[in-house]
Amino acid sequence: MSDQHPANTDAMVPSPLDWKIPVVKAADGDFKDQWQATSDELERLVATLPVNGIRNLVVTFQLSSILGGKRDMRLEGTVRADIEQTCSVTLDPTSTTLAEAMTVRLSPFVPDVRSEAIEEDELSILDIEDIEAFEDECVPLGRIVYETLPAAIDPFPRKTTESGTWAAGWAADGSKDTPFAALAAIKAPKPGNS
């Protein structure tokens, strides 16, 4: 028997985006900005995400002080990216534009009320507000963006034609030439058979 323990699964994966906003930027009011990834940052993202390429990544955000103090803040914004993937049907390259909203509350102290509340059946995990901790008196914008991107990426992208139909003759609305239509034809009774 080995005395080794499994690796800590709660350890944070470092973000390829080292974007940090000093908390003092929003101490006296809202801080609005737009940040764009450099080509080096895009290359690092491609190496860690299920995409073939990222042509552009822009984050528009607003950082606001909440609860009437300088301790808790809210980050709201949109992550936009032009990505390249492989069509899951034809294996052809396909391009997609993503736009994913993000809203995060930040605090120097993150209470661990989640497990207690769920154990007492007071809340579902989806009812609990997402609270992130500051990192060295900064908002970890790069990490938040890096955690937001995978949720917006389609795991099974399909190439579409200019007419809006899926590649390989599959209609996007499922109305014609689908695998289900072929199955229905096989199951349909043949003339003269009862």
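The values are calculated or read from the model by the stated rules, or taken from the named source; none is laboratory data. Remember, it's a predicted structure, so these values are computed and weren't measured experimentally. Cβ coordinates were reconstructed from backbone atoms using ideal geometry, including for glycine residues, and neighbour counts include every protein chain displayed. Heads up: the accessible areas ignore ligands, DNA and RNA and are worked out on the full protein's heavy atoms, side chains in. Shrake-Rupley method; radii C 1.70, N 1.55, O 1.52, S 1.80 Å.
Whether any residue in the stretch 150-157 is surrounded by fewer than 11 Cβ atoms within 10 Å (Cβ to Cβ), modelled with pLDDT of 60 or more and outside any loop (DSSP other than H, G, I, E, B) is what I want to check.
Of all residues in the stretch 150-157, those surrounded by fewer than 11 Cβ atoms within 10 Å (Cβ to Cβ) come to 151, 155-156.
If we keep only those that are modelled with pLDDT of 60 or more as well, we get 151, 155-156.
Within this subset, residues satisfying the condition of being outside any loop (DSSP other than H, G, I, E, B) are 151.
Yes, the conditions are met somewhere in the stretch 150-157.
Go through LEU98, LEU126, LEU106 for me and flag whichever is at pLDDT below 90 and assigned to a strand (DSSP E or B).
On the way: LEU98 fails: at pLDDT below 90; LEU126 fails: assigned to a strand (DSSP E or B).
LEU106 is the lone residue from the list that is at pLDDT below 90 and assigned to a strand (DSSP E or B).
Take SER65 and tell me if it is touching a residue at least 24 places away in the same chain (Cβ under 8 Å), more than 22 Å from PRO14 (Cβ to Cβ), among the small types (Gly, Ala, Ser) and not in a strand (DSSP E or B). Can you show your working first?
Numbers: touching a residue at least 24 places away in the same chain (Cβ under 8 Å): yes; more than 22 Å from PRO14 (Cβ to Cβ): yes; among the small types (Gly, Ala, Ser): yes; not in a strand (DSSP E or B): no.
In short, no.
Mind listing just one residue for me: the one in the stretch 51-106 that is on the phi > 0 side of the Ramachandran plot and aliphatic (A, V, I, L, M) and, of those, farthest from the chain's Cα centre (by Cα)?
Applying the filter and picking the extreme gives LEU67.
Search the stretch 24-61 for residues being closer than 25 Å to CYS87 by Cβ, of a type in the set (A, V, I, L, M, F, W, C) and part of a helix (DSSP H, G or I), and hand back the single one that is least open to solvent (accessible area, probe 1.4 Å).
Looking at residues that are closer than 25 Å to CYS87 by Cβ, of a type in the set (A, V, I, L, M, F, W, C) and part of a helix (DSSP H, G or I), I get LEU45.
Would you confirm whether or not the stretch 77-88 contains a residue that is in contact with a Lys or Arg (Cβ under 7 Å, 6 or more places away or on another chain), in a strand (DSSP E or B) and at pLDDT below 95?
no
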